[in-house]
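*Asks:* I have a structure I would like to understand better, so I am pasting it below and will then ask my questions one at a time.
Every read-out reported here was derived from the displayed coordinates using simple, explicitly stated rules and does not represent laboratory data. Values in this document were obtained by computation on a predicted structure and should not be read as measured data. Here the Cβ is made from the backbone with ideal geometry for all residues, glycine too, and neighbour counts use every protein chain on show.
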């Protein structure tokens, strides 16, 4: 009968909560990216690992440097800077000079997140801001692709990886075109199995369609992902590219090639789904996803670049506040005629 | 069989699925709590105006005697839960850490505390007489809100009630008091419904029960006589299924207009405990002086369903349940989703107290708050289709006026948003504060 010694704490209801936290969501996404990341390292070797490390270091150092001293460790512990750095790294060419990857990571966090007011405030996907920054600043390095290294060459690092900052970078004699580049400039298709397994040249993390889908499935099961976004994007791309393919099959690739090539799966599953930069409402989410799908196909088919996922997502990020404004849900009991 | 019952479940869109925690008390019969020495009856334990005492300190009172009358139409009566003496009319502890003016009654230890039944006629009442009877009985909504029941039955000119809804959803985790009442007193519940049908002129009644209470559904169905226009509607287990507008949406797929009442659709929604209180008033002449309370939570030695005289201090109720376990840090009155924590165990059981829950550590640790990442879970949780994420941001920016454009006043504070927020943002708490700010600036009394 111990009733006296209890010190009761007051708390406002509800006194229960579901168990998922934002910190846990970030850890889930990191885990979901792991298979595709490992595949990227397997295909491109140690050089790719160094690029990822440089990009993550740039992102985390910037977060640390520009956070108030008292909340530095807490801000890093939510893993968002780590995730942004990793996502950026996965969209970089494996032979990119490390100092550029580092600057990219810093730009992602600095220009993509912090100047907007920090986590949850940014309009654009931070990793893609970093990538756009790099593409505009170092267009040649960002579009020079390397062939895959075999297992024996795993420990070889691309010479260009180690280029000194702000010096003319030296590229290896061998370079290779991405499947989308081959398609756009030489009308040459790549086999589907190569695309699905990731056995092509391209960015570090974008090549293996299968493993990216696996990561997406995991996030779906963990309820960390709005399925409407990847479904909307991939469905639109498949539909739109089928239409173009029927009209002119020599210039335009078929739906499977369109879905599995380039950065589409990485973008659709891991970047467009960034909740901060996508609409809140289900209806808005569909508009957002279809918009990205249409822009991807338009840029790939008619733009100057062979790939358009990055700009498609960034453009729809910009439209998100507008979409949100016009897709507010209908409040219960308002504007309804009961039967 | 289970698959079949799933097919005929009624439900609404959105909402959340908290763990139920009902197993601790679901099969425990309602036990009568013995009388204790002192009872405290706060005058403001119903929504609306506080009651006005009609007794003075020192007065002798019988069990069930009127001790306070309504302070306004939206107010009700209070009756003494025991035979004894009025010791004081004074400020006493109230849930939420505040004090409230209360009538303090000391029980007479030599009184047998017998209540002599005096049945009342319910078949020959005018509409106004019926409303006045319910107010005389002191009956309120016993699901937690404690809205005076007679006010619901006072139907304005031009409106009429077609359908009586009985709310046996009991969607709050832990609570099993409505469940036990339905299982143990089905005939009294059906009598209460018949009284309501007769006096409100309604054609039919529906008892909504969540499908986690299959025994209650079964027993009620067995006790309904063929000539009674009463049916049982199985409801999906989901919070807040028991919010009256959700109940109507689930069963009839109709939306009560924003800012409106169920009677705009010709309906009136009553909690199971309130309907039983109506039956007890007409069958025995017993006003609302006791109620069924679920005592549960990981900090209680002996979880129970108890029939407790109103005004019993929580300390005594918990003592009857063998006390609290060591390290209890939180005691809640009501359910964990909408209840109120208490700062002291001197707080008494009120008309709206459906549960007493003791927790050893806070069930929801919200100490680390993250930024809103616009994940949209709160939008998918809100049964009223509001945008809680936006409302919380506007509340933090103190843009209360702009919150009205986002329909803040349609929020019923069910807490589904806060429950679902992975960033631990106290969304409904921010909305509550903003609402009271808006009411204040509008010059209305909350």
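*Asks:* For B:223, A:251, what's the fewest-to-most ordering of other Cβ within 10 Å of each Cβ? Provide the component values of the computation, followed by the final result.
*Replies:* Numbers: B:223 15, A:251 12.
Ascending Cβ contact count within 10 Å gives the list A:251, B:223.
*Asks:* Something else about it: Quick one: angle between helix A:46-65 and the longest Cα principal axis of chain A, in degrees between 0 and 90, rounded to 10, please.
*Replies:* So the helix axis and the longest Cα principal axis differ by about 40 degrees.
*Asks:* For a quick protection proxy, order the peptides B:164-172, B:230-238, B:124-132 by their average other-Cβ count within 10 Å, most packed first.
*Replies:* Details: B:164-172: 28.1, B:230-238: 20.3, B:124-132: 13.3.
Ranked from most to least packed, the peptides come out as B:164-172, B:230-238, B:124-132.
*Asks:* Which angle from 0 to 90°, rounded to the nearest 10, does the C-alpha axis of helix A:80-90 make with the longest principal axis of chain A?
*Replies:* So the helix axis and the longest Cα principal axis differ by about 20 degrees.
*Asks:* So, one more: Rounded, prolate or oblate for chain B? Axes are the square roots of the Cα gyration tensor eigenvalues, ordered a ≥ b ≥ c, and the cut-off for rounded is a/c under 1.5. Display every interim value, and only then the final one.
*Replies:* Numbers: a/c = 1.38, a/b = 1.17, b/c = 1.18.
The shape class here is rounded.
*Asks:* Starting from the eigenvalues of the Cα gyration tensor, five times each then square-rooted, give me the equivalent ellipsoid semi-axes of the protein assembly as shown, largest first, whole Å. Walk me through the numbers on the way to the answer.
*Replies:* Details: eigenvalues 800, 152, 93 Å².
The three semi-axes for the protein assembly as shown are 63, 28, 22 Å.
*Asks:* Right, next: Please state the relative contact order of the range B:377-445 as a whole percent: Cα pairs under 8 Å, 6+ residues apart? Present the calculation step by step, with values, prior to reporting the outcome.
*Replies:* Numbers: 73 pairs, mean separation 24.5, N = 69.
So the answer I get is 35 percent.
*Asks:* At q = 0.13, 0.14, 0.20 Å⁻¹, work out log10 I(q)/I(0) for the range B:104-236 with the Debye formula, treating every Cα as an identical point scatterer and leaving solvent out; two decimals please.
*Replies:* Relative scattering, expressed as log10 I(q)/I(0), comes to -0.67, -0.77, -1.29.
*Asks:* What is the angle, in °, between the Cα long axis of helix A:228-247 and the longest principal axis of the Cα atoms in chain A? Nearest 10 is fine, range 0 to 90.
*Replies:* Helix A:228-247 and the main axis of chain A meet at about 30 degrees.
*Asks:* In a GNM of chain B with a 10 Å cut-off on Cα contacts, which of B:84, B:415, B:376 has the highest mean-square fluctuation?
*Replies:* Sorting by GNM fluctuation, first place goes to B:376.
*Asks:* I would also like to ask the following. For chain B, what relative contact order do you get, as a whole percent, if you take Cα pairs closer than 8 Å and at least 6 residues apart? If you can, show how the numbers build up before the last one.
*Replies:* Values: 1009 pairs, mean separation 84.4, N = 446.
About 19 percent, as a whole number.
*Asks:* Suppose only helical runs count, i.e. DSSP H with n ≥ 4. What mean residue ellipticity at 222 nm does that imply for chain A under -39500 (n - 2.57) per run, divided by all residues and rounded to the nearest 500 deg cm²/dmol? Could you put the intermediate results ahead of the total?
*Replies:* On the way: 14 runs with 183 residues, N = 339.
Using -39500 (n - 2.57) per qualifying helix, the result is -17000 deg cm²/dmol.
*Asks:* Explain nothing, just the number: relative contact order of the range B:131-222, from Cα pairs under 8 Å at least 6 residues apart, as a whole percent. Let's see the in-between values first.
*Replies:* Values: 92 pairs, mean separation 27.3, N = 92.
The value is 30 percent.
*Asks:* Continuing with this model, one more query. Could you please rank A:116, B:122, placing first whichever residue has the fewest other Cβ atoms within 10 Å of its Cβ? It would help to have the intermediate numbers written out before the result.
*Replies:* Details: A:116 16, B:122 21.
Ascending Cβ contact count within 10 Å gives the list A:116, B:122.
*Asks:* Which order do A:27, B:185, B:180 fall in if you start with the one that has the fewest other Cβ atoms within 10 Å?
*Replies:* A:27, B:185, B:180
*Asks:* Evaluate peptide A:274-280: per residue, the Cβ atoms of other protein chains within 10 Å of its Cβ; return the mean as an integer. Display every interim value, and only then the final one.
*Replies:* On the way: counts 2, 7, 5, 2, 3, 2, 9.
Partner-chain Cβ atoms within 10 Å, mean over residues of A:274-280: 4.
*Asks:* Return the single residue from B:12, B:252, B:174 with maximal mean-square fluctuation; model: Gaussian network over chain B, springs between Cα atoms under 10 Å.
*Replies:* Ranking B:12, B:252, B:174 by mean-square fluctuation puts B:252 first.
*Asks:* Could you work out [θ]222 nm for chain B from helices alone, using -39500 (n - 2.57) per DSSP H run of at least four and dividing by all its residues? Round to the nearest 500 deg cm²/dmol. Mind dumping the intermediate values first?
*Replies:* Values: 14 runs with 124 residues, N = 446.
Helices in chain B give a 222 nm mean residue ellipticity of -8000 deg cm²/dmol.
*Asks:* Shielding of A:18-27 by partners, i.e. mean partner chain Cβ atoms within 10 Å per residue?
*Replies:* 5
*Asks:* Would you please classify the overall shape of chain A from the alpha carbon gyration tensor, given that a ≥ b ≥ c denote the square roots of the eigenvalues, rounded means a/c under 1.5, and beyond that prolate means a/b larger than b/c while oblate covers the rest? Intermediate results must be reported in sequence, preceding the final value.
*Replies:* Numbers: a/c = 2.01, a/b = 1.30, b/c = 1.54.
Verdict is oblate for chain A.
*Asks:* Can you tell me how the range B:377-445 classifies by the Cα gyration tensor, rounded, prolate or oblate, using a/c under 1.5 as the rounded cut? Working shown, then result.
*Replies:* Working: a/c = 1.93, a/b = 1.71, b/c = 1.13.
Prolate is the answer for the range B:377-445, as a/c is 1.5 or above and a/b outweighs b/c.
*Asks:* Turning to a different aspect of this structure: What does the structure give for B:337-348 when I average, per residue, the other chain Cβ atoms found within 10 Å of the residue Cβ? Walk me through the numbers before you get to the answer.
*Replies:* Details: counts 4, 3, 3, 5, 7, 2, 4, 2, 4, 0, 1, 0.
The per-residue average across the peptide is 3.
*Asks:* Using a Gaussian network model on chain A with a 10 Å cutoff between Cα atoms, which of A:225, A:92, A:182 fluctuates the most?
*Replies:* Maximum among the listed residues: A:182.
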